[in-house]
Amino acid sequence: MRKKVTVVGAGNVGANCALRIAGKSLADVVLVDVVEGVPQGKGLDLLESGPVEGYDVSITGANDYAPTANSDVVVITAGLARKPGMSRDDLLIANYEVVKSAAEQSVKYSPNAILVLVTNPLDAMCWTALKATNLPKARVIGMAGVLDTARFRTFIAQELNVSMASVSALVLGGHGDTMVPLVRLTSVSGIPLTELLDAATIDRLVDRARNGGAEIVKYLKTGSAYYAPSAAAIEMVESILLDKKKVLPCAAYLEGEYGINGLYVGVPVKLGAGGIEKIYQVKLLPDEQAALAKSAVSVQELIDILKPRIGS
Ligand SMILES: NC(=O)c1ccc[n+]([C@@H]2O[C@H](COP(=O)([O-])OP(=O)(O)OC[C@H]3O[C@@H](n4cnc5c(N)ncnc54)[C@H](O)[C@@H]3O)[C@@H](O)[C@H]2O)c1
């Protein structure tokens, strides 16, 4: 049986997710978007790349969820970008409505699917999808840490002029300014980063990774990053579909792990056919634990805004 993935939101991230799924021949893809014609047009364009690229997966587009039935994985990238005059809270509420409906509709047609959330603000949108669907927490997962870690690894590899594949790193925490890179566990083929670079250089690279999204937005001016984000989301999807059991930093619903309760925060997890099959609890140093707790507070602030809405 072929696997099936629905990608909700046929914008920059969504279309590139579809492209990567097809390129790896991972699954048939259904793109869903509210804009008439866009998912259909992008789906057909991607399908027509098949003979050249050598893939045989089916890629279709739709404005409703019936064609998404029986998907194995649903990637939710649908959402609005911040417009002039819109506060972060306005964006939060707008995307809350989008993600709530996307998650509900997806699960109505694919009750066994695993949801991978991409829409920002990421940790709050994961919470929204979990609460809206009542799915087991193992099946609602957020993409942020793989991207944040990829950015950190890129900058380290550039600095040391070594292969990116040799750099291993781990970033915890909420997606955004409060993410927590675990420098002490970052290495180049096992050599601790702290033996290769001085503290000031490491701080500069951490800072750049932390602001990696903003750096791209500044260049693009009218949108945000999508090549690396789609690559990160599809690494997760691949690990689920092929039951690879990769250990990746993902936004997971915590119930006591790391002293955090009832929130989505980025932590290392094992991703396989069951979704999150294990949450790894790394022993943190006091300053790392404090940084993670601070990151959780900023996620909690958004959840406090959303809480009165759930069920409404
Ligand atoms: N988690 C991360 O690390 C990460 C990284 C990059 C982008 N993002 C987020 O991903 C989201 C998408 O980014 P993008 O660059 O693709 O934006 P985009 O504007 O290119 O695409 C968003 C798409 O969502 C569609 N959409 C809006 N409401 C919808 C609805 N109700 N149902 C279905 N589709 C709907 C829009 O029509 C649009 O095509 C944004 O929220 C962005 O902030 C997150």
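The values are calculated or read from the model by the stated rules, or taken from the named source; none is laboratory data. In this text, all values refer to a predicted model and were calculated from it rather than measured experimentally. Note: ideal-geometry Cβ built from the backbone for every residue, glycine included; neighbour counts use all protein chains shown.
Which residues, taken from the stretch 124-147, are away from the ligand (no atom under 11 Å from the Cβ) and either touching a Pro at 6+ places or on another chain (Cβ under 6 Å) or part of a loop (DSSP other than H, G, I, E, B) (or both)? Scanning the stretch 124-147 gives Asn134, Leu135, Pro136. Kindly provide the set of residues from the stretch 27-39 that are under 21 Å from Leu80 (Cβ atoms) and buried (at least 17 other Cβ atoms within 10 Å of the Cβ), ordered by number. Across the stretch 27-39, the qualifying residues are Leu31, Val32, Asp33, Val38, Pro39. Inspection of the stretch 114-123 finds no residue satisfying the criterion of being touching a helix residue (DSSP H, G or I) at 6+ places or on another chain (Cβ under 9 Å), more than 16 Å from the ligand (Cβ to nearest atom) and in a helix (DSSP H, G or I). Within the stretch 73-101, being over 14 Å from Trp127 (Cβ atoms), modelled with pLDDT of 95 or more, within 17 Å of the chain's Cα centre (by Cα) and not β-branched (Val, Ile, Thr) holds for Ala78, Gly79. The set of residues from the stretch 30-53 being within 15 Å of the ligand (Cβ to nearest atom), touching a residue at least 24 places away in the same chain (Cβ under 8 Å) and under 21 Å from Pro229 (Cβ atoms) comprises Val30, Leu31, Val32, Asp33, Val34, Val35, Val38, Pro39, Lys42, Gly43, Leu46.
Being closer than 19 Å to Ala232 by Cβ and surrounded by 14 or more Cβ atoms within 10 Å (Cβ to Cβ) is the requirement here; does Val57 meet it? Criteria not met by Val57. Filtered by the rule that a residue be surrounded by 21 or more Cβ atoms within 10 Å (Cβ to Cβ) and either of a type in the set (Val, Ile, Thr) or assigned to a helix (DSSP H, G or I) (or both), the stretch 156-176 gives Ile156, Val167, Val171. Just the residues that are surrounded by 24 or more Cβ atoms within 10 Å (Cβ to Cβ), within 6 Å of the ligand (Cβ to nearest atom) and farther than 19 Å from Val107 by Cα, please, taken from the stretch 5-19. Once the filter is applied, which keeps residues that are surrounded by 24 or more Cβ atoms within 10 Å (Cβ to Cβ), within 6 Å of the ligand (Cβ to nearest atom) and farther than 19 Å from Val107 by Cα, the stretch 5-19 yields only Val13. Restricting the stretch 148-163 to residues that are without any contact (Cβ under 8 Å) to a residue 24 or more places away in the chain and of a type outside the set (Val, Ile, Thr), the residue that is farthest from the ligand (Cβ to nearest atom) is Asn161.
Only a single item in (1) within 16 Å of the chain's Cα centre (by Cα); (2) not in a helix (DSSP H, G or I) is not met by Gly223, and it is number (1).
Of the residues in the stretch 200-224, how many are buried (at least 16 other Cβ atoms within 10 Å of the Cβ) and in contact with a Lys or Arg (Cβ under 8 Å, 6 or more places away or on another chain)? Residues flagged as buried (at least 16 other Cβ atoms within 10 Å of the Cβ) and in contact with a Lys or Arg (Cβ under 8 Å, 6 or more places away or on another chain) within the stretch 200-224 amount to 3. For the stretch 69-82, a residue qualifies if it is within 11 Å of the ligand (Cβ to nearest atom) and either in a helix (DSSP H, G or I) or of a type outside the set (A, V, I, L, M, F, W, C) (or both), and the qualifying residues are Thr77, Gly79, Arg82.
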